[in-house]
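Every number in this text was worked out from the coordinates using simple rules, so none of it is lab data. Small disclaimer: the values here were computed from a predicted structure and weren't measured. Ideal geometry is used to build each Cβ from the backbone, glycine not excepted, and the neighbour counts take in all protein chains shown.
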Amino acid sequence: MRLSRFFLPILRETPKEAEIVSHRLMLRAGMIRQESAGIYAWLPLGLKVLNKINAIIREEQNRAGAIELLMPVIQSADLWRESGRYDDYGKEMLRIKDRHERDMLFGPTNEEMITEIFRSYVRSYKDLPLNLYHIQWKFRDEVRPRFGVMRSREFLMKDAYSFDLDAEGARHSYYKMFTAYLRTFARMGLKAIPMRADTGPIGGNLSHEFIILASTGESEVFCHKDFLALDAPAENIDFESRAAMQGVFDTWTSKYAATSEMHDAAAYEAMPEADRVSARGIEVGHIFNFGTKYSEPMKAVVNGPDGKDVTVQMGSYGIGPSRLVAALIEANHDENGIIWPDAVAPFNFAIANLKVGDAATDAACEKLYGEFTKAGFDVLYDDRDDRPGAKFATMDLIGVPVQIIVGPKALADGKVEVKHRRTGERELLSLEEVVNKFAAKKG
RNA sequence: CGGGGCAUAGCGCAGUCUGGUAGCGCAUCUGCUUUGGGAGCAGAGGGUCGCAAGUUCGAAUCUUGCUGCCCCGACCA
């Protein structure tokens, strides 16, 4: 992408409403625009990151055996009357009437709809287990939206729903998602710790929140320090193996970890002081096993091996990709701007032409831009006729991990400078070395 | 939902107390110079002062009502 042709409305000054760093940086980097309280337009740069996050989530959901579909944002109130939640959900649910005065709503979640889809088609225990997910916009009419996309009213959610014949199967499904979540967050460079959680209005008896530690997090969390050193399960782990899944779950739940609302001060303080970690955290995922809470009233049943009807066991599993964008920034920034982890960076490389119009720098930049593009990378070429300082500031603000600086001085010796955003490390390389070292990798 | 605050150019703000026909910085456009950490000079464009009533010869400024947004608290992917 040539920056001169891109739509990147960066701001030099911080809009006054932005309180936390991720919100400030998202506005300044031209990632989002507020259209209403808690409702945001995603500008090109923000959307690129959101899509990268979604891609990782999809890969890991698919790996764990979940199957993607897409449900609508507008739902009929009748479905919610069946589960009893139409009255329970309260003002958080945005209620709408269509032209025929029918009660509709903007979905805050999809348990009812997925259960309706399931019961319409699935008749046999042989079709279980089944896990269906989608990535779709949700609306919850929060009393007080704030912190940009961290707590917005409209937000993107990946929600998966599992269906099993019995409680044991449902636990296995739960563990599979538990494992997939650990991998998903780890791939984004986040250390997410599962914490025993309250089930809230979703219901059920088994639930974990996935919390990432960040000094600006919304809630206080407590855990054993060993969780910080644990590695996520490997890519080749067998999701179908009940023993393997149980093993992951046991490893990640064997020690103390709780949010402030589930905090057990006595258990926490029973640990040696050196093992205790008390920090701020951001909830980026939440999983539930709720048995027959929806399948019972909505009559989602299958024929069991003995020919008798069995009410299926369900669970739901949510990740907020739009919130994750903000959470990633909270965990990865400095005074100059965002520092994207490679896996979610909107651009892998940026090429800064320090002297646009100079035949040598123009030619070097075009060559590099061509090679990186050909290699399949997202590369941003700053070809604007602007001062070097402005280009450095822009690249740092939007957080491109590897910045290739092409200026007349170094180029006179056939070199360009490669700067790594995270470490600040710089190296002088020839064009050929840059291409071989970076552009050749992806294939 | 309780408490507090704000609304003037794309962004950040001054002007409001004490009414007299709107200004500053950045950004934008044009020209020249400049080119390794957000350039300089010269010129230009851009605002029914959130909306609606009222008071007044005259309202960004005073009064009333409404709307939007932000912050603190209680609640939440």
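Couple of notes before you dig in:
- Residue of A:PHE377, A:PHE106, A:PHE185 that the Gaussian network model of chain A assigns the largest fluctuation, springs spanning Cα pairs under 10 Å: A:PHE377
- The alpha carbon gyration tensor of region A:1-132 gives principal lengths a ≥ b ≥ c with a/c of 1.5 or higher and a/b no greater than b/c, which makes the shape oblate.
- Mean sequence separation of contacting Cα pairs (under 8 Å, at least six apart), scaled by the length of region A:134-177, corresponds to a relative contact order of 35 percent.
- Here the gap between A:ILE10 and A:ASP385, fully extended at 0.36 nm per residue and compared with their Cα-Cα distance, gives a gain of 133.4 nm.
- Estimated from the Cβ-Cβ distance and a Förster radius of 22 angstrom, the FRET efficiency linking A:GLU240 and A:ARG196 is about 0.30.
- Cα-based shape type of region A:184-245, given that a ≥ b ≥ c are square roots of the gyration tensor eigenvalues and the cut on a/c is 1.5: oblate
- Chain A: calculated mean residue ellipticity at 222 nm from DSSP helix runs of at least 4, using -39500 (n - 2.57): -9000 deg cm²/dmol
- Distance from the alpha carbon centroid of region A:307-344 to that of region A:365-443 works out to 30 angstrom.
- Spin-label model, A:GLU142 to A:ASP378: label points 7 Å out along the Cα-to-beta-carbon direction sit 2.4 nm apart.
- Value of relative contact order over chain A, rounded to a whole percent, pairs C-alpha under 8 Å and six or more apart: 16 percent
- Sites A:ASN62 and A:SER278, calculated FRET efficiency, Cβ-Cβ separation with R0 35 Å, nearest 0.05: 0.45
- With both labels modelled 7 Å from their Cα along Cα-to-Cβ, the A:LYS308 to A:ALA77 distance reads 3.9 nm.
- Computed about the Cα centre, the dipole magnitude for chain A is approximately 980 debye when only Lys and Arg (+1) and Asp and Glu (-1) carry charge, each at its Cβ.
- Pairwise FRET efficiency - A:ALA393 versus A:ALA360, Cβ, R0 = 22 Å, nearest 0.05: 0.35
- Taking 32 Å as the limit for the C-alpha separation, the pairs A:LYS16/A:LYS255; A:LYS374/A:LYS419; A:LYS138/A:LYS176 exceed it in the case of A:LYS16/A:LYS255.
- Cα gyration tensor category, rounded, prolate or oblate, for region A:99-181 with a/c compared to 1.5: oblate
- Fluctuation leader among A:GLY281, A:GLY291, A:GLY389 - chain A, Gaussian network, Cα springs under 10 angstrom: A:GLY389
- Taking the number of Cβ atoms within 10 Å of each Cβ as an exposure proxy, the fewest-first ranking of A:ILE10, A:ILE74 is A:ILE74, A:ILE10.
- Cross-link reach is defined here as a Cα-Cα straight distance under 12 Å, omitting same-chain residues fewer than 8 places apart; for A:LYS48 the aspartates and glutamates meeting it are A:ASP378.
- Stretch gain in nm, segment A:ARG422-A:ARG95, where the contour uses 0.36 nm per residue and the Cα spacing is subtracted: 113.2 nm
- Among the GluC sites (Glu not before Pro) in region A:1-98, those placed in a DSSP loop whose Cβ has at most 10 other Cβ atoms within 10 Å are A:GLU13.
- With each label modelled as a point 7 angstrom along the Cα→C-beta vector, the A:SER219-A:ASP87 pair spans 2.9 nm.
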